[in-house]
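For reference, the structure discussed in these notes is given below.
The values are calculated or read from the model by the stated rules, or taken from the named source; none is laboratory data. Only a predicted model underlies this, so the values are computations on that prediction, with no experimental measurement involved. A quick note on method: Cβ atoms are made from the backbone with ideal geometry, for glycine too, and the neighbour counts reach across all protein chains shown. With ligands, DNA and RNA removed, areas are computed over all heavy atoms of the protein, side chains included. Shrake-Rupley method; radii C 1.70, N 1.55, O 1.52, S 1.80 Å.
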Amino acid sequence: MKIRLLAFASAGDALGATESEIEMPDGSRISDLRAHLDRDHPAMIPLWPRLAVAQNGRIVKLDTPLEEGAEVALLPPVSGGTGEPLAELTDAPIDIQKVTAAVAGPSRGAVVLFLGTVRDHHAGRSVAKLTYSAYRPMAQEGLRQIATDLEAAHQDLRVAIVHRLGDVPVGEPSVAIAIGSPHRAAAYDASRTALERLKAEIPIWKREHYADGEAAWREEEPLGVSLA
């Protein structure tokens, strides 16, 4: 299939063109286009955490199928502000490079990355995997609020929080929190605060699957006021 690619501002600089026609295999998605561009234009790689992507005038996600003859636009933040923090849920393995790139910058001498990975045991039982589910709209907004609050409390501090949903095998990250700050103390503090708030405030649930075939929900932190 053929698509028309438009790239504005810094995205156009990275591609060396503001408009081009690209041939993609049938069945491709926005994520495949991203991989294609990253391969041919490595300068695009650090830009993705800041970009929105539109297909035929509508903002889309990475798993959106490309349409034959579509107009796809790469949209950096506009000149009015610094952009939203990276705070999202994902059904795929967490892109650690994307998370850290979202907070890095020449003025930030400290970048702290926390990864919460799936342990192979809990309470004396062997764990095979975890399954995470969420009340997505509330969880997404809650993650964004945590990041916004922390950024507002410290000058030039940037926050990225990504939580994986669905099945997560032992050893793989279920949550990534990256903090970029001019100084390490603020970065460490913000990382801990972000994790503790996430565990207490965000409607994400964890189901443990054990090696013996049994499974159980881990419901430990009440959200808000109890109805009892």
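Highest first, please rank the peptides 148-154, 191-197 by the mean number of other Cβ atoms sitting within 10 Å of their residues.
Ranked from most to least packed, the peptides come out as 191-197, 148-154.
Report, to the nearest whole %, how much of the accessible area of the chain belongs to carbon and sulfur atoms, 1.4 Å probe, protein only.
After summing per-atom areas, the C and S share lands at 52 percent.
Candidates (i) 33, 17, 16; (ii) 38, 19, 15; (iii) 34, 23, 16; which is the computed semi-axes √(5λ) of the Cα gyration tensor in Å?
(iii)
Considering every pair of different Cα atoms, what Kirkwood radius, in Å, is found for region 45-138?
So the Kirkwood estimate lands at 16.8 Å.
Which value, in Å², gives the accessible area per residue of region 102-188 when a 1.4 Å probe is used on the protein heavy atoms?
On the way: 4200 Å² over 87 residues.
Ligands and nucleic acids excluded, the result is 48 Å² per residue.
Once fully extended, how much extra length lies between Phe8 and Ala128, figured as 0.36 nm per residue of separation less the alpha-carbon to alpha-carbon distance?
38.6 nm
Can you work out the PRE-style zone for Ala185? Point 7 Å along Cα to Cβ, and I want the residues of region 128-162 with backbone N under 17 Å.
153-157
Would you compute, from DSSP H runs of 4+ residues alone, the mean residue ellipticity of the chain at 222 nm, taking -39500 (n - 2.57) per run and dividing by the full residue count, rounded to the nearest 500? Can you show the working numbers first?
On the way: 5 runs with 60 residues, N = 228.
After summing the helix terms and dividing by the residues of the chain, the value is -8000 deg cm²/dmol.
How many Lys pairs in the chain lie less than 25 angstrom apart by Cα atoms, where the lysines are 8 or more positions apart or on different chains?
8
So what is the relative contact order for region 127-228, in percent, with contacts set as C-alpha pairs under 8 Å and at least six apart?
With pairs under 8 Å counted, the relative contact order is 35 percent.
Are there trypsin sites (Lys or Arg not before Pro) in region 53-123 that DSSP puts in a loop and that have at most 15 other Cβ atoms within 10 Å, and which ones?
Sparse-neighbourhood loop trypsin sites (Lys or Arg not before Pro): Lys61, Arg119.
Starting from the Cα of Asp156, step 7 Å along the direction of its Cβ; do the same at Arg218; then give the gap between the two resulting points in nm.
3.7 nm
Below 8 Å, C-alpha to C-alpha, sequence gap of six or more: please give me the relative contact order for the chain in percent.
19 percent
Per 0.36 nm of contour for each residue apart, how much would the distance between Arg39 and Gln97 grow if the chain were fully extended, relative to their Cα-Cα spacing?
On the way: separation 58, 0.36 × 58 = 20.88 nm, distance 1.52 nm.
Full extension of this stretch gives 19.4 nm more.
In percent, what relative contact order does region 1-82 have, based on Cα pairs under 8 Å that are 6 or more apart in sequence? Don't jump to the answer; show the numbers that get you there.
Values: 135 pairs, mean separation 33.2, N = 82.
The value is 40 percent.
Using a simple spin-label model with points 7 Å from Cα along the Cα→Cβ vector, what separation in nm is obtained for Asp63 and Glu23?
With each label point 7 Å from Cα toward Cβ, the separation is 3.0 nm.
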